[in-house]
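Trainee: Please read through the structure below; I'll follow up with questions.
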Amino acid sequence: MTTSDRKGNRGILLLLLLPGLLALGVSFVAPLLWLLRASFSTSALGGADGSWTLANYADVVLDPFYWRVAGNTLNYGLTVAAFAVVLSYPIALFLARTTSRWRGVLTALAIAPLLTSGVVRTYGWMVILGDQGVINGTLQALSLIQTPIRLSNNFLGATIAMIEILMPYAILAMLSGFGRLNTQLEEAAAMLGANRLKVFWRIILPLSLPGVITAALLVFVLAISGFVTPRLMGGGRVFVLGTEVFQEATVTLNLPLAAALAMLLLVLFSSVIVIYRRALRALEA
Amino acid sequence: MADKHVIVEQLVKTYPGSGAPSVDHVDFDLEKGEMLALLGPSGCGKTTILRMVAGLITPTSGRIRLDGRDMAEIPVHKRNMGMVFQSYALFPHMSVAENVAFGLEMRGVPKAERAARVERALDLVKLRGYGERRITQLSGGQQQRCAIARSLVIEPQLLLLDEPLSNLDAKLRDEMREEIRDIQARTGVTAIFVTHDQDEALSMADRLAVMSAGRIEQIGTPRQIFDRPATEFVANFIGAGNFLTGTVVEPHQANVPGLGMVVFGLDAPLGKDVRLLVRPHRFTLNGKGENAFEGVVRHLVYRGDTLTLDVDVKDRTFLVDLPTHAGTLPERGDRVTLTVARDDVTVIGTAA
Amino acid sequence: METSLPAKFAWRLLIGLLYVFLLAPIIIVFVVSFDTRQYLAFPPESLSFGSYVKVFQNADFISAFWRSLLIGAIVGLGAVTVGTLISLALTRYRFRGEGAVNFLVIAPFIVPNIVLGVGLVLVLAGFGLLDTYPGIVLAHLGITIPYTVRTVSMSLMSVDRRVEEAALVHGASPFNVFWRITLPLIRPGIIAGGVIAFLISFDETTISLFIVSVRSSTLPTEIYRYLEYSTDPQIAALSVVLILISVAVVIVLERLIGLRKAV
Ligand SMILES: Nc1ncnc2c1ncn2[C@@H]1O[C@H](COP(=O)(O)OP(=O)(O)OP(=O)(O)O)[C@@H](O)[C@H]1O
Ligand SMILES: [Mg+2]
């Protein structure tokens, strides 16, 4: 097994690559190309039989509804990312610094929810936040409220559930980005006169920032492309790009419009990743 | 006693969950401007002592005083001590100058003064012009010096160094020894440093505390430790030695079974058993003297400056170091007479 | 550094509360699964295995479960086979277009599933593969191959090339080198890759919802569809079953090869 481009290797190489390229071609490359084509197609089913048009994009851009949807999506992504990062940070910091022998178990526990389908955890949140759910049920049993508080079937519920669902990703991203944290640096800072607060601001926070940024990006990107949670928790009242793409593709069956919306999402997605890379490079410089 | 700069009394540390104390009733003190080395094998509690003095861990019992002030209630960041960590612990997200300025910033020193003092500190450790560099752009020795500058710039009342040289290669280590000693002399800072390298301790410290299993075995000047070890552990840990056990039969004379009479310079009570120590380089070859032992050279190793011999004398073997410039050198199998002056025979446990 | 007791307590309390938040839905699903009422309410009135019995009597769930298992198994096997071949090409050969292949196997990481879902509808509809086994298997292959390539490549890179060279020098053919030397050494990576692909397929909802309806519906899509109309405790029981299967797979994997080594 040498690493040259000799003739004998061509056959082997082809054998090694062909199945994978075929599989990825059909299941990844083709869908993106078809999607692009469909977003410019007049055919109702988005096939290649239609002629080229910009009407689908025009429909999206000219409809104030989709502007609102785009705004909602951004708002949703940012809110979920902000809270998921803030709530995950202490856990990640704790796991990164603890010397407890429970550390392995606690780490596993923090990322174990990843093993549970998002649908299942969304269901859990429906039970917790529903009108007769855990919170309302408890508050009513304690006679603190008469009528249930609206915690689900709205933006609030969809946000709360999504925050929790994406937290394990944030924790994982942070843990792998906390490599530069080190208790000895904290001790050195304390020896030089920094109190706890200053140690946090000047040492812990800056050193953990790359992990935090990665986590924020990951959560944002997953949040803006999700639809199961906003749809189930939103009770049909939360309109984000994900839910609209799904709606157009499977219910309204306007595939060209769905394709145009999906392309929009992809553009939004890529720009965020580009911004992230810039930010990270700026941080490292 | 009360006017000493640093006083450590009956210090004990038992880590939670471990039975035996890691530091066991340790006492020592330092004059202003003095450099004390804590020396001992791995795990004997050196770092633990240093971290208690720094305030990074709380003593189980005992007291630490700095300028007469009890440190018990004073948190780490208010102790005004400097510390150089084994791994340097430089802040990777700050430049060299920012690292050095950190302590001043925490003390609210105005910016202009800060810059000037950082400049001077960098000068002191020969890092002038390196201020803007990132930490990762420094060599090991430069990082080491940056760490020293960072802890000196705050003008600490006490400087703590935990194996500051162990991450450097042998040559750089020698250079940095000199430099640290020099910087310490110039700044007059009082310092405690931890090492398990006896050369380092002997060459750098004003006084040494030799530790074993959480206790201080002996504390004294390098000379006292080397020439008058209080215990066999100390004698063994610092330098090599030949040990003899005998009974004092007359003043300054002990009968060593299987060897005969050995004369020594110190006083020892009559009729008592004593342990005697002869350092390998205190022997002379084929001289005349009170203590003369005949033997055969069994093995020799040429080491440049010295020649190390194993000499079989009756049923024991003496370790002997001879200077290589001392005339004709013995060969393997030669019969030789080893002599040693009475003042070069030490009685262990008679330390001042 | 040592922290004062109250500060330590407050910090631990905060961490504890965050863990409660993080694990709340799973715990609640577990509790509710023992409820017996027809509608969602808390706390449960009485505890029983009634919902579990109902789940196991629900023909839709049972067939969806077997379908999920079958699809997951095929996807796991297929993705890891294809992924191993690609990894071999990427780590053991240099060839023109290597960069492109490298990009192709990480690109699916950065395309949202929902976007891919729409594209897959278009492609599979063209081939008449919507709502068929081959259709959903293909769809899942696209999103799992990147993971298998990653895990197997990492194993391959950690294999000391000198061992392979030693076998060659001693007269083994390249095929024998792979079969007798390399394959046994990367087995943990291969198992891990296969299991991860299985788990992803088994839990996948977004893409599946686009391309399955009745004939090939998987367990997660079945749950989703059910939840659109009803939230009764049956779903909780079913969810617990789903969680237990995932956990069981992971534990087996951990026992088998040590998960940390594999991922
Ligand atoms: N945080 C801790 N918890 C429990 N035991 C500890 C802890 N730190 C140190 N010890 C134990 O205390 C003893 C002394 O440790 P210490 O680090 O002070 O040794 P040392 O003399 O500095 O050794 P070395 O030369 O290896 O650095 C050791 O037996 C060690 O195992
Ligand atoms: Mg130590």
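The values are calculated or read from the model by the stated rules, or taken from the named source; none is laboratory data. From a predicted model like this one, the values you see are computed outputs, not experimental measurements. Ideal geometry is used to build each Cβ from the backbone, glycine not excepted, and the neighbour counts take in all protein chains shown. Accessible surface areas use protein heavy atoms only, side chains included; no ligands, DNA or RNA. Shrake-Rupley method; radii C 1.70, N 1.55, O 1.52, S 1.80 Å.
Trainee: Are any residues in the stretch B:5-60 away from ligand 2 (no atom under 16 Å from the Cβ) and β-branched (Val, Ile, Thr), and if so, which ones?
Mentor: B:VAL6, B:ILE7, B:VAL8, B:VAL12, B:THR14, B:THR58, B:THR60 - these are the residues of the stretch B:5-60 that are away from ligand 2 (no atom under 16 Å from the Cβ) and β-branched (Val, Ile, Thr).
Trainee: Residue check, B:GLY246 against (1) buried (at least 17 other Cβ atoms within 10 Å of the Cβ); (2) small (Gly, Ala, Ser); (3) in the same structural domain as B:CYS146 (by the TED database); (4) away from ligand 1 (no atom under 16 Å from the Cβ), all met but one. Which one?
Mentor: Tallying (1) buried (at least 17 other Cβ atoms within 10 Å of the Cβ); (2) small (Gly, Ala, Ser); (3) in the same structural domain as B:CYS146 (by the TED database); (4) away from ligand 1 (no atom under 16 Å from the Cβ), B:GLY246 fails exactly one: (3).
Trainee: Consider the stretch B:31-90. How many of its residues are more than 10 Å from ligand 1 (Cβ to nearest atom), not hydroxyl-bearing (Ser, Thr, Tyr) and not in a loop (DSSP other than H, G, I, E, B)? Steps first, please.
Mentor: To start, the set of residues in the stretch B:31-90 that are more than 10 Å from ligand 1 (Cβ to nearest atom) comprises B:31-37, B:53-56, B:58-85, B:87-90.
Subsequent filtering for residues that are not hydroxyl-bearing (Ser, Thr, Tyr) retains B:31-37, B:53-56, B:59, B:62-85, B:89-90.
Right, trim to not in a loop (DSSP other than H, G, I, E, B) and you get B:35-37, B:53-54, B:62-66, B:69-70, B:76-78, B:81-84.
Residues in the stretch B:31-90 being more than 10 Å from ligand 1 (Cβ to nearest atom), not hydroxyl-bearing (Ser, Thr, Tyr) and not in a loop (DSSP other than H, G, I, E, B): 19 in total.
Trainee: Now, a different point. Return the pairs, sorted by first residue and then second, in which the second residue is within 12 Å of ligand 1 (Cβ to nearest atom), the first residue lies in the stretch B:3-15 and is on the phi > 0 side of the Ramachandran plot, the beta carbons are less than 8 Å apart, and the residues are 6+ apart or on different chains.
Mentor: These pairs meet every condition: B:GLN10/B:VAL26.
Trainee: Can you name every residue in the stretch C:136-154 that is hydroxyl-bearing (Ser, Thr, Tyr), open to solvent by less than 20 Å² (accessible area, probe 1.4 Å) and more than 10 Å from every other protein chain (Cβ to nearest Cβ)?
Mentor: Selection gives C:THR151, C:SER153.
Trainee: Oh, and also: What is the number of the single condition among (1) crowded, with 19+ Cβ neighbours inside 10 Å; (2) under 15 Å from B:VAL125 (Cα atoms); (3) out of contact with any Gly (no Cβ under 7 Å at 6 or more places or on another chain) that B:GLU179 does not meet?
Mentor: In the conditions (1) crowded, with 19+ Cβ neighbours inside 10 Å; (2) under 15 Å from B:VAL125 (Cα atoms); (3) out of contact with any Gly (no Cβ under 7 Å at 6 or more places or on another chain), B:GLU179 misses (1) alone.
Trainee: Going by the conditions given, is A:PHE200 at pLDDT 90 or above, among the aromatic types (Phe, Trp, Tyr) and buried (at least 21 other Cβ atoms within 10 Å of the Cβ)?
Mentor: Against the criterion (at pLDDT 90 or above, among the aromatic types (Phe, Trp, Tyr) and buried (at least 21 other Cβ atoms within 10 Å of the Cβ)), A:PHE200 does not qualify.
Here is a yes/no grid of residues against (1) over 24 Å from A:GLY124 (Cβ atoms); (2) modelled with pLDDT of 90 or more; (3) touching a helix residue (DSSP H, G or I) at 6+ places or on another chain (Cβ under 9 Å):
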residue: A:PRO148; (1), (2), (3): no, no, yes
residue: A:ASN153; (1), (2), (3): no, no, yes
residue: A:ILE163; (1), (2), (3): no, yes, yes
residue: A:PRO168; (1), (2), (3): no, yes, yes
residue: A:SER176; (1), (2), (3): yes, no, yes
residue: A:GLY179; (1), (2), (3): yes, no, yes
residue: A:MET191; (1), (2), (3): yes, yes, yes
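Trainee: If you don't mind, there's one more thing I want to ask. Inside the stretch B:308-334, can you point out the residues that are at pLDDT 85 or above and of a type in the set (Gly, Ala, Ser)?
Mentor: B:GLY333
Trainee: Still on this structure: Restricting attention to the stretch C:84-100, and to residues there that are in contact (Cβ under 8 Å) with a residue 12 or more places away in the chain and facing another protein chain (nearest Cβ under 7 Å), which single residue is nearest to the chain's Cα centre (by Cα)?
Mentor: C:ILE86
This table checks each residue for (1) away from every other protein chain (no Cβ under 14 Å); (2) within 16 Å of ligand 2 (Cβ to nearest atom); (3) over 21 Å from the mean Cα position of the chain (by Cα).
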site	(1), (2), (3)
B:ILE154	no, no, yes
B:LEU160	no, yes, no
B:LYS171	yes, no, no
B:GLU178	yes, no, no
B:ASP182	yes, no, no
B:PHE193	yes, yes, no
B:GLU200	yes, yes, no
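Trainee: Take the stretch B:1-24 and flag every residue that is in contact with a Leu (Cβ under 7 Å, 6 or more places away or on another chain) and either within 15 Å of ligand 1 (Cβ to nearest atom) or among the small types (Gly, Ala, Ser) (or both).
Mentor: Selection gives B:VAL23 alone.
Trainee: Something else about it: Among the residues of the stretch C:157-171, write down those that are farther than 20 Å from C:THR84 by Cα and open to solvent by less than 50 Å² (accessible area, probe 1.4 Å).
Mentor: Passing the criteria: C:ALA166, C:ALA167.
Trainee: Let me ask something else about it. Working only within the stretch B:268-314, note down all residues that are open to solvent by 50 Å² or more (accessible area, probe 1.4 Å), more than 15 Å from B:ASN242 (Cβ to Cβ) and of a type in the set (Ser, Thr, Tyr).
Mentor: B:TYR302
Trainee: Out of B:ILE183, B:ILE192, which single residue is under 12 Å from B:MET35 (Cβ atoms) and modelled with pLDDT of 90 or more? Spell out the reasoning first.
Mentor: Values: B:ILE183 fails: modelled with pLDDT of 90 or more.
Checking each option against the conditions leaves just B:ILE192.
Trainee: For the stretch A:129-156, give me each residue that is within 12 Å of chain C (Cβ to nearest Cβ), within 22 Å of the chain's Cα centre (by Cα) and either under 25 Å from A:ILE91 (Cα atoms) or open to solvent by 60 Å² or more (accessible area, probe 1.4 Å) (or both).
Mentor: Correct list: A:LEU129 only.
Trainee: Which ones in the stretch A:261-285 are facing chain C (nearest Cβ under 10 Å) and buried (at least 16 other Cβ atoms within 10 Å of the Cβ)?
Mentor: A:LEU261, A:ALA262, A:MET263, A:LEU264, A:LEU265, A:LEU266, A:LEU268, A:PHE269
Trainee: More than 11 Å from every other protein chain (Cβ to nearest Cβ), away from ligand 1 (no atom under 16 Å from the Cβ), under 20 Å from B:GLN184 (Cα atoms) and open to solvent by 50 Å² or more (accessible area, probe 1.4 Å): is that true of B:ARG128 in this structure?
Mentor: Yes.
Trainee: Yes or no: C:TYR133 at the interface with chain A (Cβ under 7 Å from one of its Cβ atoms) and surrounded by fewer than 22 Cβ atoms within 10 Å (Cβ to Cβ)?
Mentor: Working: at the interface with chain A (Cβ under 7 Å from one of its Cβ atoms): no; surrounded by fewer than 22 Cβ atoms within 10 Å (Cβ to Cβ): yes.
Criteria not met by C:TYR133.
Trainee: Shifting gears a bit: Can you pull out the residues in the stretch B:16-40 that are surrounded by 13 or more Cβ atoms within 10 Å (Cβ to Cβ) and either of a type in the set (Lys, Arg) or without any contact (Cβ under 8 Å) to a residue 12 or more places away in the chain (or both)?
Mentor: B:LYS32
Trainee: Suppose we filter B:GLN157, B:GLN184, B:GLN143 for residues that are farther than 20 Å from B:SER87 by Cα, in contact (Cβ under 8 Å) with a residue 24 or more places away in the chain and open to solvent by 40 Å² or more (accessible area, probe 1.4 Å); which single one remains?
Mentor: Details: B:GLN184 fails: open to solvent by 40 Å² or more (accessible area, probe 1.4 Å); B:GLN143 fails: farther than 20 Å from B:SER87 by Cα.
Testing whether each residue is farther than 20 Å from B:SER87 by Cα, in contact (Cβ under 8 Å) with a residue 24 or more places away in the chain and open to solvent by 40 Å² or more (accessible area, probe 1.4 Å) leaves just B:GLN157.
Trainee: A further question follows. Would you pick out the residues in the stretch B:213-233 that are within 16 Å of ligand 1 (Cβ to nearest atom) and either assigned to a helix (DSSP H, G or I) or surrounded by fewer than 19 Cβ atoms within 10 Å (Cβ to Cβ) (or both)?
Mentor: Residues satisfying the conditions are B:ALA213, B:ARG215, B:PHE233.
Trainee: Still on this structure: Does C:ALA24 satisfy the condition of being open to solvent by less than 50 Å² (accessible area, probe 1.4 Å), out of contact with any Pro (no Cβ under 9 Å at 6 or more places or on another chain) and modelled with pLDDT under 85?
Mentor: No, not satisfied.
Trainee: Kindly indicate the residue of the stretch A:106-128 that is more than 7 Å from chain C (Cβ to nearest Cβ) and among the hydroxyl-bearing types (Ser, Thr, Tyr) and also farthest from C:GLN234 (Cα to Cα) among those meeting that condition.
Mentor: Only one residue fits best here, namely A:THR107.
Trainee: Output the helices (runs of 4 or more DSSP H) that fall wholly within the stretch C:172-243 and possess 3 or more residues being open to solvent by 40 Å² or more (accessible area, probe 1.4 Å), or say none. Full working, then the answer.
Mentor: Working: elements: C:183-203, C:206-211, C:219-229.
In the stretch C:172-243, C:183-203, C:219-229 are the helices (runs of 4 or more DSSP H) which contain 3 or more residues that are open to solvent by 40 Å² or more (accessible area, probe 1.4 Å).
Trainee: Can you name the residue in the stretch B:68-96 that is open to solvent by 20 Å² or more (accessible area, probe 1.4 Å) and within 25 Å of B:ASN167 (Cα to Cα) and, of all such residues, is farthest from the other protein chains (Cβ to nearest Cβ)?
Mentor: My answer is B:GLN86.
Trainee: If you go through the stretch B:69-79 one residue at a time, do you hit one that is over 17 Å from the mean Cα position of the chain (by Cα) and within 14 Å of ligand 2 (Cβ to nearest atom)?
Mentor: no
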